[in-house]
Amino acid sequence: RARKCPPCHSACSEHIARMDGNGTIPGGAAQYAFTLWNLIIRPPRSTYEPSALGPAEFSVGGVKAARRDVRLRTKRGIRLSCSHFVPRQDSRREPLRKFPVIVYLHGNSSSRLECGSIVGQLLAQHISVFCFDAAGCGLSEGEYVSLGWHERDDLETVLDHLRQSPFCGPIGLWGRSMGAVTALMYADRDPKLGAMCLDSPFTSLRELAEELARSERVMFPVPSWLVNAALAIVRMRVKALADFDIEDVVPLEHAKRSYVPAIFMHARQDNFIPLGHSRQLYEAYAGDKELLTIEGDHNSERSEQAINHAVAFFRRTFRLGEVDLTIPPQLMDTAAQQQQQQQQRRDAMP
């Protein structure tokens with residue numbers, strides 16, 4: 001029986017609160033290097049019970065919806081735990097149609113539960129939401145994260161999966177922190193994307209690391225020469241363990257080559273990734289763009305007003321209400337058969 005509740009929202013605030021929760025960085029080059037290494041590839045792993053995702057069927061804003069869970073294997077061989085929240089359709093009463101999809105990308109110490117704060121607003125606009133635990137996070141496989149480097153390839157696996165469905169309409173990305181960086185580092189390779197919301201991205205990993213060394217998060221300021229020494233150690237260690245170069249994580253360079261319409265969102269009191277990062281990215285971004293500054297800090301739950309602003313941005317860029325998303329008759333039988341198969345799989349789930 002359908003329940004009236006926004007899925008996974010009750011657990012959302014807790015996971016946002018520890019999304020990038022790495023505490024205060026101790027003083028000293030060795031301790032700084034160790035903490036930075038953990039911040040980059042092994043932040044605290046968010047864990048939860050699958051029941052925290054909420055009911056499989058529910059209603060929100062007058063829209064009946066369902067959650068479909070799936071496991072996807074990436075090109076690296078890592079299985080991702082995913083959920084797709086979709087408005088339900090009744091082919092007996094109305095023509096089947098495609099739905100726009102927002103793929104939500106969470107922060108570095110978080111999980112797919114983080115998207116609980118936006119699912120209701122999007123479903124109410126007949127926009128589906130696909131979220132997943134990044135590799136090394138939540139219930140997905142993997143040991144390390146890479147702050148966007150490998151995650152962009154895993155995102156490609158997710159988008160390939162979505163685009164195989166006849167029900168898939170225009171696709172947008174909504175990323176926060178690491179997720180926003182992932183979206184930025186992917187967008188320049190996929191011009192078919194419809195739009196992006198980029199919440200709290202950084203310009204480059206090196207610049208962020210240098211700022212952290214001088215910030216109030218460090219008990220004792222770290223001299224620049226010690227920062228460089230620490231980063232050299234971290235760079236070698238990350239290459240060996242996680243197979244990427246921290247010097248290559250530079251979203252600013254990708255922004256210069258990206259033309260997907262984008263809205264940058266950043267909290268004015270963010271002292272982890274300062275607002276200046278989004279301002280730089282916004283100035284460099286090649287495509288249509290908008291900058292929204294909001295109240296709060298890096299881990300604050302975003303206000304309903306901010307979320308609705310982003311949802312309205314997606315509606316405009318997707319041209320909802322102007323574009324006909326009805327599935328063509330020649331694809332109707334295939335779509336109806338796939339919908340029936342999906343329902344049978346949901347019915348067989350324990």
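The values are calculated or read from the model by the stated rules, or taken from the named source; none is laboratory data. Just so we're clear, the structure is a prediction, and the values are computed from it rather than from any experiment. Every residue, glycine as well, gets a Cβ built from its backbone with ideal geometry; the counts of neighbours run over all protein chains shown. In case anyone asks, the SASA skips ligands and DNA or RNA and just uses the protein heavy atoms, side chains included. Shrake-Rupley method; radii C 1.70, N 1.55, O 1.52, S 1.80 Å.
Give the long-range amide H neighbours of Val103: residues separated by 5 or more places, or on another chain, with amide H under 5 Å away, using H modelled in the peptide plane at 1.01 Å from N. Long-range HN contacts for Val103: Phe130, Gly172, Leu173, Trp174. Rounded to the nearest 20 debye, the dipole size of segment 182-287 about its Cα centre is 20 debye, using +1 on the Cβ of Lys and Arg and -1 on the Cβ of Asp and Glu. Computed from phi, the 3J(HN,Hα) profile of segment 191-197 under the Karplus parametrisation 6.51, -1.76, 1.60 (θ = phi - 60°) reads x, 6, 4, x, 5, 9, 10 Hz, with x in place of Gly and Pro.
The apolar share of the surface of segment 66-135, taken as the fraction of accessible area on carbon and sulfur atoms (1.4 Å probe, ligands and nucleic acids excluded), comes to 42 percent.
For Arg316 and Ala124, a Förster radius of 25 Å and the Cβ-Cβ distance give a FRET efficiency of 0.95, rounded to the nearest 0.05. Per-residue 3J(HN,Hα) values for segment 32-38, derived from phi via the Karplus relation 6.51 cos²θ - 1.76 cosθ + 1.60 with θ = phi - 60°, read 4, 4, 5, 5, 5, 4, 5 Hz in sequence order (x marks Gly and Pro).
Lysines within cross-link reach of Lys75: Cα-Cα under 18 Å, excluding same-chain residues under 8 positions apart? Hits, sequence-local ones excluded: zero. Summing charges over neighbours of Arg73, with a neighbour being any other residue whose Cβ is under 11 Å away from its Cβ, gives +2 when K and R count +1 and D and E count -1. When Lys and Arg each count +1 and Asp and Glu each count -1, what net charge do the other residues less than 11 Å away from Asp190, Cβ to Cβ, add up to? Net local charge, Asp190 excluded: +1. Dipole magnitude for segment 49-204: computed about the Cα centre from +1 point charges on Lys and Arg Cβ and -1 point charges on Asp and Glu Cβ, it is near 600 debye.
Over segment 47-101, accessible surface divided per residue gives 52 Å², non-protein components excluded, 1.4 Å probe.
Backbone phi angles across segment 173-184, fed through the Karplus curve with coefficients 6.51, -1.76 and 1.60 (θ = phi - 60°), yield HN-Hα couplings of 10, 10, x, 10, 6, 4, x, 5, 5, 4, 4, 4 Hz in residue order; Gly and Pro are listed as x. Between Arg189 and Arg92, the FRET efficiency estimated from the beta carbon spacing at R0 = 41 angstrom works out to 0.50. Each other residue within a Cβ distance under 13 Å of Glu247 adds +1 if Lys or Arg and -1 if Asp or Glu, for a net charge of -2. Peptides 289-302, 99-112 ranked from most to least packed give 99-112, 289-302, packing being the mean of other C-beta atoms within 10 angstrom over each peptide's residues. On the accessible surface of segment 161-244, probed at 1.4 Å, how many percent belong to carbon and sulfur atoms? Ligands and nucleic acids excluded, carbon and sulfur reach 57 percent. Taking amide H positions as modeled 1.01 Å from N, with prolines and chain starts lacking one, the residues under 5 Å from Lys64 and 5 or more places away or on another chain are Arg88.
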